[in-house]
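Read through the structure below, which is laid out as structure tokens, and then see the notes.
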Amino acid sequence: MRLKKLAVVTAIGISATGIQAQTDQSDQATLIKQLIQRIEELEQKVKIQDRKLEIDKEASAEKAKTTPVVSLGASGFSVRSPDTNFVFRLRGYVQADGRYFIDDNVAGGVNDQFLLRRVRPIIEGTAFKNYDYRIMLDFPSNVGVGAANNGLLQDAYVTAKYYPWLNITAGKFKEPVGLERLQSGANLLFNERAYPTQLLPNRDLGIQLSGTVLDNRLEYALGIFNGVANGGSGDADAADDDKDLAARLFATPFINSDNEWIQGLGFGVAGTVGNNKTALRGHQSPGQQTAFAYNAGVVGDGELWRISPQAYYYKGSFGAIAEYAIAHQSIRTAANTVNTLNHSGWQVAASYFLTGEKNSFKAVSPAQPFTVGSEGWGAFELSARVSGLDLDDESFPTFANANTSATEALSWAVGVNCHLNRFLKLSLSYEQTDFDTQGNAPSPLLDKGEKVVFSRVQFSF
């Protein structure tokens with residue numbers, strides 16, 4: 001400001017020299033005085049304007065402390081408080097599938113079809129900094145809303161996160177048992193999960209303690225739930241007073257190691273124990289045809305325990321998971337014939353990114369997303385899987401029909417997943433299954449097996 005004033009005064013001096021020839025000394029002094037007075041007035045106005053700007057900045061800063069931040073991007077639509085103590089997110093994913101049965105005329109006459117496998121809007125967020133919540137609905141093909149809303153309401157829970165080693169979750173959510181079940185449906189290698197998932201619980205209503213200890217090298221979960229049938233979900237239990245105890249320990253002992261060959265190794269065991277008197281679920285082939293069904297009137301009769309050893313390994317572009325499951329259950333017929341059956345299932349699955357992305361149990365983003373007119377083509381992932389199901393021979397003929405229900409199933413599958421970007425994923429796979437049966441006249445499905453091609457277009461946001 002002083003420099004400005006000096007420049008103006010200098011200019012005035014130069015002008016005054018020219019004026020001197022036309023005016024007397026008194027007039028020059030008056031003119032200079034008026035100009036200086038004008039400069040002082042302008043300086044005062046500038047000071048006032050500068051103060052107004054400071055006040056506006058202070059007001060904007062105060063407003064920013066209370067104004068929610070709205071964003072729309074890769075993580076969906078979100079609104080959060082400036083201090084991030086409150087967060088609201090809206091996201092979801094859609095899976096449009098195709099199933100094409102080879103020789104379907106000998107596999108029970110099943111039809112090729114397009115279907116919406118999953119249509120899942122998700123509402124989630126944080127309240128009061130330490131409380132996360134999630135509500136996930138599902139609107140797939142051929143699932144309506146009835147007396148039970150298990151098909152419609154997938155998740156509805158809140159998690160209190162006090163410490164890394166202590167989280168408390170209450171509501172309806174996945175029981176902490178199956179490895180592939182705990183993987184998001186949007187991150188699966190194949191369209192359908194493998195056989196172990198059909199023997200382990202899905203979503204149930206309960207309360208759970210969970211967390212990580214030993215510098216994130218050990219994860220634990222322990223919960224009490226209503227209890228559901230093998231592979232089933234529920235948000236109410238009117239069949240009995242008993243509850244199921246579910247637990248899981250999963251170790252990643254080398255996660256902090258400098259040796260990249262062992263960093264991605266994880267292994268653990270999970271299981272449930274309780275009593276179950278509900279209706280029983282059958283078992284499906286990869287193409288979702290019924291491969292095993294209990295006879296009418298067969299229900300659970302109390303004792304039910306499950307155990308599932310599991311592991312995964314990730315190194316660079318390579319990833320693999322393996323799990324085994326056994327379900328030990330007491331059942332009875334309508335005529336009160338009682339027996340205890342042991343069913344088991346297993347799987348080994350692996351994938352490799354041809355485009356160099358780092359493989360993960362969670363979602364993977366392409367290093368070069370596909371964009372029209374650019375060099376990016378997305379991420380290409382090859383996948384393979386072998387899985388098996390062994391159903392107790394004592395199921396027949398009292399509890400299941402040997403001609404329509406298999407005693408064993410063995411499936412193998414290969415596929416390719418194209419992750420165009422974080423939002424769009426294309427999948428194509430082939431899976432073949434052979435069945436063993438005790439029946440003298442097995443159904444076309446059990447006799448000839450199943451050969452099916454799967455396709456999927458997945459959009460997530």
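Of note:
- Remark: C-alpha extents of segment 309-434 on the principal axes read 69, 27, 22 Å, sorted largest to smallest.
- Sites Ala96 and Phe380, calculated FRET efficiency, Cβ-Cβ separation with R0 22 Å, nearest 0.05: 0.60
- Extension gain, Ser455 to Gln438, is 2.8 nm, computed as 0.36 nm per intervening residue step minus the present C-alpha separation.
- Counting charges near Gly223 (Lys, Arg +1; Asp, Glu -1) among other residues having Cβ under 13 Å from its Cβ returns a value of +2.
- Protection-proxy order for peptides 370-380, 443-453, each taking the mean of Cβ atoms within 10 Å per residue, highest first: 443-453, 370-380
- Burial order of peptide ranges 156-168, 382-394, 187-199, 237-249 (average beta-carbon count within 10 Å, highest first): 187-199, 382-394, 237-249, 156-168
- One decimal place: the segment Ala59-Ala296 gains 78.1 nm when fully extended, by the rule 0.36 nm per residue minus the C-alpha distance.
- Convex hull of Cα atoms in segment 205-359, direction-averaged projection (nm²): 11.4 nm²
- Given [x] 4, 16, 22, 22, 17, 11, 5, 2, 0, 0; [y] 4, 15, 24, 22, 11, 5, 4, 4, 4, 3, 2, 1, 0, 0; [z] 4, 16, 19, 21, 20, 13, 6, 1, 0, 0, the label whose value is P(r) over Cα pairs in 10 Å bins from 0, in percent derived from this model: [y]
- log10 of Debye I(q)/I(0), alpha-carbon scatterers only, for segment 315-376 at 0.19, 0.22, 0.26, 0.30 Å⁻¹: -0.82, -0.93, -1.06, -1.17
- Taking the C-alpha atoms only, the angle from helix 25-64 to the longest principal axis of the chain is near 10 degrees.
- D (Stokes-Einstein, µm²/s), Kirkwood Cα radius, segment 360-461, 0.890 mPa s at 25 °C: 150 µm²/s
- Scoring 352-359, 319-326 by mean Cβ neighbours within 10 Å over their residues and listing the highest first yields 319-326, 352-359.
- Gain on full stretching of the segment that runs from Leu152 to Trp305 - 0.36 nm per residue minus C-alpha separation: 52.3 nm
- Label-point separation in nm, Thr212 to Gln368, each point 7 Å along Cα→Cβ: 3.2 nm
- Average accessible surface for segment 227-281: 50 Å² per residue, computed with a 1.4 Å probe over protein heavy atoms with every protein chain in place.
- With all projection directions averaged, the alpha carbon convex hull of segment 220-282 covers 5.8 nm².
- Sites Leu426 and Asp83 - FRET efficiency at Förster radius 51 Å, r taken between beta-carbons, to 0.05: 0.80
- For segment 428-461, backbone nitrogen atoms closer than 18 Å to the point 7 Å from Asp112 Cα along Cα-to-C-beta are found at 428-432, 450-457.
- Solvent-accessible area assigned to carbon and sulfur over segment 161-214 amounts to 68 percent, based on a 1.4 Å probe.
The values are calculated or read from the model by the stated rules, or taken from the named source; none is laboratory data. On a predicted model such as this, the values are computed, not experimentally measured, just so you know. Positions of Cβ are backbone-derived with ideal geometry, glycine not excepted, and every protein chain shown enters the neighbour counts. The area values use the complete protein model at the heavy-atom level, side chains included, leaving out ligands, DNA and RNA. Shrake-Rupley method; radii C 1.70, N 1.55, O 1.52, S 1.80 Å.
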